[in-house]
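Accompanying notes for the structure given below.
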Amino acid sequence: MGGFLATLAGSPLRHLLLLAADGVVAPLSLLVAYYLRFEGNLERATGLAFLLVLVAAARMAAAVIVRSHRWSFRFSGLADAVRVLLAGLLGSGLFLGAVYFLNAPRLPRSVVVMELLMSLAVMGAIRFSPRYAAARWLDFSRGRTSRLHTLIAGAGAAGEMLLRDLQRSNEHQYVVVGFVDDDTHKRGEVIGGKTVLGTLDELPWLAAKHHVEKLLIAIPRLAPKRLREILSMCAELGLRVKSLPVSFVYIDAKISASMLQDLQPDDLLPRVQVDFSDTGESGTALGRRVLVTGAAGSIGGEICRQLLRAHVKQLVMVDINENELYLAQRRLESQLDGRELVVEVADIRDAGRMRALFERYRPEDVFHAAAHKHVPLMEAAPCEAVKNNVGGTRNVARAAHELGADRCIYISTDKAVRPTSVMGASKRVGEMVVRALALRSPTAFKAVRFGNVLGSAGSVVPIFREQIARGGPVTVTDPEVRRYFMTISEAVGLVLRAGYGGCKDLCVLDMGEQIRIDELARHMIIMAGRTPDVDIKIEYTGLRPGEKLYEELLTEDEEKTHQAMKKVFTAVCPPPPFNLEERLDELERAAAAEDAALVIEIMRSLVPSYTPQHNGHAHRWQGFEATA
């Protein structure tokens, strides 16, 4: 039926048929009107034959003028109904004008009104009935096959447009039973033939009553907190969820079922996307020479993207991973617009190589994002963590200081606060490196500390997504483990704001509230259209070496903070140890000698709050014997 309508809609024959239909409907309506007016005695209708010809011509002329003969049966809506009404009124006007100027027999006003009403009714029926019949046929066809009883969340414009597309499409299994909407005033309203059954809070009993299996979310700008509540309800009810990716306010095309997609983890965060190029500080990056380490990673790559949008003059991308660096370069080439993009394969642990790059490019701004970040791997390789996260940071920072960079920004982590892992402790020592240089260097050194980034390489989100794709199980370390999360875009946008703003040596990003990883895993399973603990199992594996149940952003001696700019705070930090350089030399020598026990001992002396976790299944520091 839908294919027939599509074929007919594109045929010129249809235009002629509709014109002919209007030309037939009008005189028949006039004839019936006369019959009713004179109670069947048509002999009293003088000049009737001439009037029948006039009204047919007037209706056809009006249809051409208003273009109501050029009709789309599949996509007709309210605007098209108004077009039919205008054609009817214009046709009556043309008819009466012709009667007046041609001195045709006058006709009773009641006949004119009845003819108009009957013609409008039949013309509307001719145009809208195929769409209605097609919708009913599709419902019937879906009823004979497998179908999903579905509720649409959102009884607004987006929901109504989505329903209309579902009703005229046969490329889905959704049978919409009604709407739910938090606006209680909409209860009982009928939209597109479907009733607003209640609110989202009433979803449990509505789903049970109507045997609902699917929820389609069509609510523009749905608050993330509310979305998490809805997903939790859906998890308990076993409902699968899809949503429209953007508000209908921002798109020109009609909303269609093909736009429905699985929700993304970013949708769960109450965060506003931040792009540095859209902020007031972006002007300070204009025309600058910038070097970014770790440029092939998630954070470093996003720093490069946003810096190019802020129109830096030259961008030097540095990373040891040549394959990912090449791919990152390819992704960014379209943004160059005359600016210079350079890629350099280099190891930050090589001091000579770092100095050579700084001498060659003389960067004015440096963003140091390169680091070993995986907690369990660094627990088994503490010497590697120190070589990269401490030694590499020293090399980059020294080169920035000695070769006159204006600023050097060090990307830190919440795991550096009261660390229980080698990775966290090494990043805390890295903060000390840049803090010590900040006290004596004309280069503005800053450390920016924030938590987990959703979707970054190796983070929990892509791991969960992969586990869900292969059917589970999804592994969570502990039901109560919590983490701070930001989107990559926001994290980098705030890092750049802090770097180019008037922040002090330690900046802490506002991370909001911590999210339970177990809750995130369950929500991601629901977003993928599965049911937690039914379709996809969740397994708890226990905390890994170096992990904590929750993270912190500040230590006790850093609690005195003030807000430097929106979502960016600066902390007052204690001075680094007076013998820091000597201790760092010792630490690097111990790492070079693969003396893991001494590495841990020195880091504990530098970071008194560091409490290593010696789990028997991980490794033993004495003799450093790694076990499975």
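The values are calculated or read from the model by the stated rules, or taken from the named source; none is laboratory data. Note that the coordinates shown come from a computational prediction; the quantities given were computed from them, not determined experimentally. Quick reminder, even Gly has a Cβ in these numbers, built from the backbone with ideal geometry, and neighbours come from all protein chains shown.
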Counted residues in region 204-218 being of a type in the set (A, V, I, L, M) and out of contact with any strand residue (DSSP E or B) (no Cβ under 6 Å at 6 or more places or on another chain) come to 2
Counted residues in region 573-591 being farther than 13 Å from E431 by Cα, at pLDDT below 90 and touching a helix residue (DSSP H, G or I) at 6+ places or on another chain (Cβ under 8 Å) come to 0
Scanning region 390-411 for residues that are outside any helix (DSSP H, G or I), in contact with a helix residue (DSSP H, G or I) (Cβ under 7 Å, 6 or more places away or on another chain) and crowded, with 23+ Cβ neighbours inside 10 Å gives C408, I409, Y410, I411
Note on L31: of the conditions (1) surrounded by fewer than 16 Cβ atoms within 10 Å (Cβ to Cβ); (2) over 20 Å from H69 (Cα atoms); (3) not acidic (D, E), unmet is (1)
Answer yes if at least one residue in region 431-451 is of a type outside the set (D, E, K, R), assigned to a strand (DSSP E or B), at pLDDT 90 or above and buried (at least 18 other Cβ atoms within 10 Å of the Cβ), and no otherwise.
-> yes
(1) modelled with pLDDT under 80; (2) loosely packed, with under 13 Cβ neighbours inside 10 Å all hold for W137 apart from (2)
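Is it the case, given these coordinates, that T611 is modelled with pLDDT under 80 and hydroxyl-bearing (S, T, Y)?
Considered against the rule, which asks whether it is modelled with pLDDT under 80 and hydroxyl-bearing (S, T, Y), T611 comes out as no.
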Within region 517-547, residues within 21 Å of the chain's Cα centre (by Cα), at pLDDT below 80, over 30 Å from A416 (Cβ atoms) and of a type outside the set (K, R) come out as I526, M527, A528, G529
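Does any residue of region 40-60 turn out to be within 45 Å of the chain's Cα centre (by Cα) and outside any helix (DSSP H, G or I)?
no
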Checked pairs for region 389-410, first in the same structural domain as R353 (by TED's automatic domain parsing), second assigned to a loop (DSSP other than H, G, I, E, B) and aliphatic (A, V, I, L, M), C-beta under 6 Å and 6 or more apart or across chains, list as N389/A371; G392/I348; N395/I348; V396/I348
Note on region 461-475: residues part of a helix (DSSP H, G or I) and either touching a Pro at 6+ places or on another chain (Cβ under 9 Å) or at pLDDT 90 or above (or both) are V461, F464, R465, Q467
